[in-house]
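S.K.: Below you'll find the structure I mean.
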Amino acid sequence: MAAAAMEVVAGCYEQVLLGFAALPAESWTVVPDFTHHAHTASLSAVAVNNRYVVTGSRDETIQIYDMKKKIEHGALLQHNGTITCLEFYGTSHLLSGAEDGLICIWNTKRWECLKSIKAHKGHVTSLSIHPSGKLALSVGTDKTLRTWNLVEGRPAFIKNLKQNAHIIKWSPDGERYVTVISNKVDVYRLDTASITGTITTEKRISSLRFITDSILAIAGDDETVRFYSCNSQKCLCEFKAHENRIKDIYSFEREGQHVIVTASSDGYIKVWNLDLNKIKDAPSLLCEVNTKARLTCLAVWLDQGSEMKENCDKTATSSQANEDEKSSIVKKKKVCWTDKSDKTAKTGRKITTKKRKLETPLQKKKKKHNSSE
């Protein structure tokens, strides 16, 4: 049986988007697939859905890549400031946040900016879409946590925080969410909007992922990944994953196997197998690759036709029927993602449509050799 398609994509300070083909088998391998000079400044965010990879940068642009065709699809030029966060909602929409305080809602069929919201007085530092598509959360440098009603396209609730939060995440079932302030994780219940527990680590937290509805993977300014229970706030397991601080974590499920991918300042991307039945045991290393780059962000693109399914803050038990139901919610409530009277969303929008093939590392070397002649 042919291996399912899977591409590990990572951004770095060197302005390059790196692509590695991951070949899951009895013995996993990760091999360099392409390198692309995506931006004129370091990459700061990356997001994936079943077709596209999008990257955000300090150069204030969002680049789009069609992974089915392996081509550069275009660029979105709406923001004025570093792109700080990107998140897809299924196959239909993308939300972006930036240092200009805006959250932009994009239609991924025509790549139109449907709505541009002045979300925070300071920078938008993180955003997260509820699995239903009806709500979104954002945090910024104005010390606020804001809830957005995406059905009506308006703010629903504002909570003042004592400090600036730099990460916000919904759980896969959408019943809780977490905020990260420096080295502290506050766990909230959706129904009460109150804190039910707090997790504190020794170092600043740089990345956080829900592995299940109640288990968090947390990494930060050290070499260790830790798994915590949201219910008890206790550390279930910790293990040394890298030789330097960990910049990002990604997770997904394949044929019942929970896979964790980590990227570090040491230049390594590592793929781990996590056995949830033995959560107290450290995950086993499946494979690793030395990118020789200063990594900043990470995601894994999974082919829709494969048997893999994404566990990127979406419900791990959702079926295709649930996905169809979510899509119908958006289609029935078209006003939830756009506002025809919102002219500001259109005026600054510019999409470049120049399409270039993503180069393999070998092609890149040949070009350098030819130019030297």
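Computed from the coordinates by the stated procedures, all read-outs in this text should not be read as laboratory data. Bear in mind that the values here come from a model prediction, so they are computed numbers and not experimental data. Neighbour counts run over all protein chains shown; Cβ positions are idealised from the backbone, glycine included.
S.K.: By per-residue mean of other Cβ atoms within 10 Å, what is the highest-first order of 41-53, 201-213?
M.R.: 41-53, 201-213
S.K.: Rounded, prolate or oblate: which fits region 228-290 when a ≥ b ≥ c are the square roots of the eigenvalues of the alpha-carbon gyration tensor, with rounded for a/c under 1.5 and prolate only if a/b beats b/c?
M.R.: Working: a/c = 2.03, a/b = 1.34, b/c = 1.52.
Verdict is oblate for region 228-290.
S.K.: Given Lys159/Lys240; Lys203/Lys357; Lys240/Lys292, which pairs have Cα atoms separated by over 30 Å?
M.R.: Check vs 30 Å cut-off fails for Lys159/Lys240; Lys203/Lys357.
S.K.: Follow-up question, since we're still on this one. Below 8 Å between Cα atoms, with a sequence gap of 6+, how large is the relative contact order for region 76-339 in percent? Walk me through the numbers before you get to the answer.
M.R.: On the way: 659 pairs, mean separation 33.1, N = 264.
Computed over region 76-339, the figure is 13 percent.
S.K.: Here is a further query. Tell me, Val178, Val187 in order of fewest to most beta-carbon neighbours within 10 Å?
M.R.: Details: Val178 26, Val187 22.
The order, fewest Cβ neighbours first, is Val187, Val178.
S.K.: Hey, another quick one. Once you sort the root eigenvalues of the Cα gyration tensor of region 39-121 as a ≥ b ≥ c, which label holds: rounded (a/c under 1.5), prolate (a/b larger than b/c) or oblate (the other case)?
M.R.: Cα axes put region 39-121 in the oblate bin.
S.K.: With a 10 Å Cβ neighbour count serving as the proxy for reagent exposure, in which order, fewest first, do Ser251, Ser284, Ser265 appear?
M.R.: Result, fewest neighbours first: Ser284, Ser265, Ser251.
S.K.: Let me ask something additional. If you average the sequence gap of Cα pairs under 8 Å that are 6 or more apart and divide by the length of region 1-157, what percent do you get for the contact order?
M.R.: Over region 1-157, the number comes to 11 percent.
S.K.: Same structure again: If we sort 16-28, 57-69 on the protection proxy, mean other Cβ atoms within 10 Å, highest first, what's the order?
M.R.: Listed from highest to lowest mean packing, they are 57-69, 16-28.
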